[in-house]
Amino acid sequence: MPERRTVALVTLGCARNEVDSEELAGRLEADGWDLVEDAADADVAVVNTCGFVEAAKKDSVDALLEANDLKGHGRTQAVVAVGCMAERYGKDLAEALPEADGVLGFDDYTDISDRLQTILNGGIHASHTPRDRRKLLPISPAERQGSAASVSLPGHGPAVEEPQAAPADLPEGLAPASGPRAPLRRRLDGSPVASVKLASGCDRRCSFCAIPSFRGSFISRRPSDVLNETRWLAEQGVKEIMLVSENNTSYGKDLGDIRLLESLLPELAEVDGVERVRVSYLQPAEMRPGLIDVLTSTPKVMPYFDLSFQHSAPGVLRAMRRFGDTDRFLELLDTIRSKAPQAGVRSNFIVGFPGETEADLAELERFLNGARLDAIGVFGYSDEEGTEAATYDNKLDEDVVAERLARVSRLAEELVSQRAEERVGETVQVLVESVDDEGVYGRGEHQAPETDGQVLLTSGAGLRVGRMVEAKVVGTEGVDLVAEPLEGSLGCSEEAGR
């Protein structure tokens, strides 16, 4: 019997990329590839790149070069780039980075096995010429679902006329493509948390953002596909589902119901085995009273608000092609906390945007001081090619941007530490995510994976990853919390997991 082909997937960037990698893994395993964790043990190393900002692009190039260094020293024979940077730059990336044996765009995902085999055999697959993916679907959202069959949509799976039964010979642990656009999927880690795509693409035209040009127009996944994938993940031991897309507040608009998320969330929360449902990336300008109600009152749906504010000075927001201002944003937060006082709120902000004045920066600081955010990401503005903002004339000097970035970052660090201290004395439900010699760590309801800090439990004998523990916050370490499990919660948690 010939030796089986091996492949390793190296994932950079956001949770959406992680889902794409698991879809690629599912396709490859279904076609006979063996998945390995270490690129050094793989015939082909596939690097799922990020193309969002310069730092992320540099990390992607570094990962490709690191994988290339393995060639000639072990099993690795080829290095292939996929993901957003590969889609965004295509043949230009291939020419600039000859170390990559292939640069594959989203249109190659459905034939990923054949593409890798061609490259592994020494053949060449021509890199694509980048195009504006917003033009692949109709302008009207209502017309997109019927037109999507001819468009490759990562996370949506291949289009078929009717739902198909899962092949009988699928490897164990591989999610079957059970819906009209449901992808194969293979989990790449044993975390009790997994992301599920609600949609792909974005219809917003923020002047600083290039993502819609290479991710395409917004298109929702059907609720049945989201539910089926969630059920499968629960069967794999997943306790927390995180719903991801470029803009979750738009979910359903192309399916005829902009309130579809409000009805889907309770259904997801009722899936056997799921303990938490969390929604990421919400647009403040699109928040609806009904959505706030569902997020703050539905059992197992986390009162968590990942709100994309970006700034709060009206002039800067308008230049960004966004909406709102400090007072309206604070009113939104007051509404949320009136319904769920312990709700978690996080956001990202851009400082040094073209035309930003000292008064604008002071307005942003006023908002941050009043917002009591649990987690804050701060980024200095830099031009992104192909964006409207890159054409603006009133750019700030790099040293001014750097100074403002440092200034607001210091403030953000102080404020999230203060917000953590406000939680001392609260009771939190902690999902255990790691148990090792350094301690037992998990996350509370107000904390999303990787971005919002964590909780250190002061005791946890016998606890395992995936357990839910009720604990009282007794201290803080910056944005992180220190919590003491309540009497009886350790035993109950262990029993519940059996």
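The values are calculated or read from the model by the stated rules, or taken from the named source; none is laboratory data. Just so it is clear, the model here is predicted, and its values are computed rather than measured. Here the Cβ positions follow ideal geometry from the backbone for every residue, glycine too, while neighbour counts run over all protein chains shown. With ligands, DNA and RNA removed, areas are computed over all heavy atoms of the protein, side chains included. Shrake-Rupley method; radii C 1.70, N 1.55, O 1.52, S 1.80 Å.
Sort out which residues of segment 215-242 are open to solvent by 10 Å² or more (accessible area, probe 1.4 Å), more than 18 Å from ILE139 (Cβ to Cβ), touching a Pro at 6+ places or on another chain (Cβ under 9 Å) and not hydroxyl-bearing (Ser, Thr, Tyr), and write them in order of number. Listed by number, the residues that qualify are ARG222, ASN228, GLU229, TRP232, GLY237, LYS239, MET242. Selection over segment 385-417 of residues that are open to solvent by 70 Å² or more (accessible area, probe 1.4 Å) and without any contact (Cβ under 8 Å) to a residue 12 or more places away in the chain gives a count of 7. For GLY273, the test of being modelled with pLDDT under 95 and either buried (at least 21 other Cβ atoms within 10 Å of the Cβ) or not basic (Lys, Arg) (or both) is failed.
The listed residues are LEU268, LEU307, LEU282, and the only one of them that is surrounded by 20 or more Cβ atoms within 10 Å (Cβ to Cβ), without any contact (Cβ under 8 Å) to a residue 40 or more places away in the chain and either farther than 27 Å from LEU136 by Cα or not hydroxyl-bearing (Ser, Thr, Tyr) (or both) turns out to be LEU282.
Counting only helices (runs of 4 or more DSSP H) that fall entirely inside segment 56-151 and contain at least 1 residues that are of a type in the set (A, V, I, L, M, F, W, C) and either in contact with a helix residue (DSSP H, G or I) (Cβ under 6 Å, 6 or more places away or on another chain) or open to solvent by 30 Å² or more (accessible area, probe 1.4 Å) (or both), the qualifying elements are 84-96, 112-120.
Summed over segment 17-35, the residues that are in contact with a strand residue (DSSP E or B) (Cβ under 8 Å, 6 or more places away or on another chain) and either within 12 Å of ALA67 (Cα to Cα) or open to solvent by 40 Å² or more (accessible area, probe 1.4 Å) (or both) give a count of 4. Taking segment 365-377 as the range and being open to solvent by 30 Å² or more (accessible area, probe 1.4 Å) and either within 24 Å of the chain's Cα centre (by Cα) or of a type in the set (A, V, I, L, M, F, W, C) (or both) as the test, the residues that pass are ARG372, ILE376.
Within segment 260-272, being in contact with a Lys or Arg (Cβ under 7 Å, 6 or more places away or on another chain) and not β-branched (Val, Ile, Thr) holds for one residue alone: ALA269.
Note on segment 48-67: residues that are within 20 Å of GLU87 (Cβ to Cβ) and free of Cβ contacts under 8 Å to residues at least 40 places away in the same chain amount to 10.
Assigned to a helix (DSSP H, G or I), within 19 Å of the chain's Cα centre (by Cα), at pLDDT 90 or above and under 25 Å from MET85 (Cα atoms): does that describe SER213? Yes.
Can you name the residue in segment 77-126 that is free of Cβ contacts under 8 Å to residues at least 40 places away in the same chain and among the polar types (S, T, N, Q) and is also farthest from ARG16 (Cα to Cα) among such residues? Restricting to residues being free of Cβ contacts under 8 Å to residues at least 40 places away in the same chain and among the polar types (S, T, N, Q), the top hit is ASN121.
When the criteria are applied in full, GLN342 meets the requirement of being touching a His at 6+ places or on another chain (Cβ under 7 Å) and farther than 21 Å from GLU286 by Cα. Considering the conditions (1) crowded, with 21+ Cβ neighbours inside 10 Å; (2) free of Cβ contacts under 8 Å to residues at least 40 places away in the same chain, ALA362 is excluded by exactly one of them, (1). Residues in segment 419-449 that are in a helix (DSSP H, G or I) and open to solvent by less than 40 Å² (accessible area, probe 1.4 Å) were compared, and the one that is nearest to ASP189 (Cα to Cα) is ALA420. The sole residue among SER224, SER207 that is over 28 Å from GLU37 (Cα atoms), outside any loop (DSSP other than H, G, I, E, B) and modelled with pLDDT of 90 or more is SER224. The number of residues in segment 341-359 being open to solvent by 10 Å² or more (accessible area, probe 1.4 Å), touching a residue at least 40 places away in the same chain (Cβ under 8 Å) and under 26 Å from the mean Cα position of the chain (by Cα) comes to 4.
Screening segment 248-259 for residues that are under 11 Å from VAL279 (Cβ atoms) and out of contact with any Asp or Glu (no Cβ under 7 Å at 6 or more places or on another chain) and picking the one that is surrounded by the most Cβ atoms within 10 Å (Cβ to Cβ) gives TYR251.
Which one is least open to solvent (accessible area, probe 1.4 Å) among residues in segment 45-55 that are of a type outside the set (S, T, N, Q) and either more than 14 Å from LEU9 (Cβ to Cβ) or in contact with a Cys (Cβ under 7 Å, 6 or more places away or on another chain) (or both)?
The residue in question is GLY51.
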